Amino acid sequence: MKKKLLLGCGAFLLFAVITVIALLASGPGRQLTEFVGYIIETDEPDIPDTPALIAYLEAHPDRYALAAWEVGREDAGIFHDADSLWPLASTVKIIPIALASEEIAAGRWDPTTPTPEVENFYLAGTDGNAHPEASVDGGTATIAGALHGMIRWSDNAATDAILFRLGRERLTSTTPGLPTPHPLSGTMLLSNDGFTLDSGVNVDDAAWARAGQLAANPPGTTPPAPPFVAMREQVRMTRELDNKGSARAFAQLIERIFLDESEKTAVARKELQWPMEFQGNLNAFKVFGTKGGSLAGTLTSATYMEDTRGNRRVVALFLHDIPFATWMGLMSNYLQQDLERELLTEDGAIERLRPRLGK
């Protein structure tokens, strides 16, 4: 196995992937091909390694946002488009895990409380098998189980159950770049309904209302799986309907969780640090916490770490509007995680890469 430190990108939609892989494998033609409305830029260069990815991002500054710094030294960090709002995919789940951790620490939530409503939000076939994996790994039938499934397996159904227990008022943030997350099932159902931004209805309101229809069913009700979603619609959903935030705000949020060693963040730190269950990470880090995400054309993550030498850094990297072939390549080789590893662990990496990736 290659040295991968940021394990697991989160839930994603891959309804059309097998067909597209077959299309790409059918011949070496170097041209622009349209598949269900999504441009596959087959004339884009291959990205075989991390230097090639750095060169790709340098050539396409409109396709990524980056914020990285030594903990406590944000002013000396590397930043690119760090304050713009971009799709978050499952990285948005850092917000509910932080707030749920506070609820448990304050005694307002009991981790053993049953959460049968998780099943109400499970849309089969839309989560990269995350909910079935979480169901095997201890299950999501309690608050503690739902929180674990939300972060360790990126279970969207568990996430929506936690969002509804927190409520919109509790989720509301006044911090620029941090959204009030709307339910992920609401996002997908709005997409399935053909919801558009010119409808005159706020996306957050519409997503909460749509997911609320699932919440109103008897606990444990499993909704029918939505129909096949064309890649063009998956891309539109990601661009227009997904929760959005900034790289700087999420790097700041995960840094606050890292630095706060009180009970208030204990559950959040425990769950975000799930990669420490792997021996390779135990050998390399004292502390390592992360949450990644993936949707069509989008790859995101926010990470904190302390290595065995005592170096402490945070990184948020949001790739967006990535052509399908490039996105599929990164989904299989995880080179964006190698870039994050470089920024997190290598001496002088922030200073060395700032002229190329920082703006």
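The values are calculated or read from the model by the stated rules, or taken from the named source; none is laboratory data. Because the structure is a prediction, the values reported are computed rather than measured. Every residue, glycine as well, gets a Cβ built from its backbone with ideal geometry; the counts of neighbours run over all protein chains shown.
Candidates are the residues of the stretch 83-103 that are more than 19 Å from Gly186 (Cβ to Cβ) and not aliphatic (A, V, I, L, M); the one that is surrounded by the most Cβ atoms within 10 Å (Cβ to Cβ) is Ser101. Taking the criterion of being surrounded by 19 or more Cβ atoms within 10 Å (Cβ to Cβ) and of a type in the set (D, E, K, R), the residues of the stretch 104-119 that qualify are Glu117, Glu119. For the stretch 243-284, the set of residues classified as at pLDDT below 95 and in contact with an Asp or Glu (Cβ under 8 Å, 6 or more places away or on another chain) consists of Ala284 only. Taking the numbered list (1) small (Gly, Ala, Ser); (2) over 22 Å from the mean Cα position of the chain (by Cα); (3) over 17 Å from Thr159 (Cα atoms) in turn, Gly245 passes all entries but (2).
The listed residues are Val229, Val235, and the only one of them that is of a type in the set (Val, Ile, Thr), in contact (Cβ under 8 Å) with a residue 60 or more places away in the chain, more than 25 Å from Glu169 (Cα to Cα) and touching a strand residue (DSSP E or B) at 6+ places or on another chain (Cβ under 8 Å) turns out to be Val235. Of the residues making up the stretch 144-166, those that are surrounded by fewer than 24 Cβ atoms within 10 Å (Cβ to Cβ) and over 14 Å from Ala215 (Cβ atoms) are Ala144, Gly145, Arg152. For the stretch 79-95, the condition of being closer than 20 Å to Phe288 by Cβ, modelled with pLDDT of 95 or more, among the aromatic types (Phe, Trp, Tyr) and not assigned by TED's automatic domain parsing to the domain that holds Ala161 holds for none of the residues. Of the helices (runs of 4 or more DSSP H) contained entirely in the stretch 105-172, those carrying at least 1 residues that are more than 27 Å from Gln234 (Cα to Cα) and of a type in the set (Val, Ile, Thr) fall at 130-136, 143-152. Highlighted here are the strands (runs of 3 or more DSSP E) found entirely within the stretch 216-320 that include at least 3 residues which are among the small types (Gly, Ala, Ser) and either at negative phi or in contact with a Lys or Arg (Cβ under 6 Å, 6 or more places away or on another chain) (or both): 285-295.
When Gly212, Gly186, Gly177 are screened for being within 30 Å of Asp83 (Cα to Cα) and either not in a loop (DSSP other than H, G, I, E, B) or not assigned by TED's automatic domain parsing to the domain that holds Leu163 (or both), only Gly186 passes.
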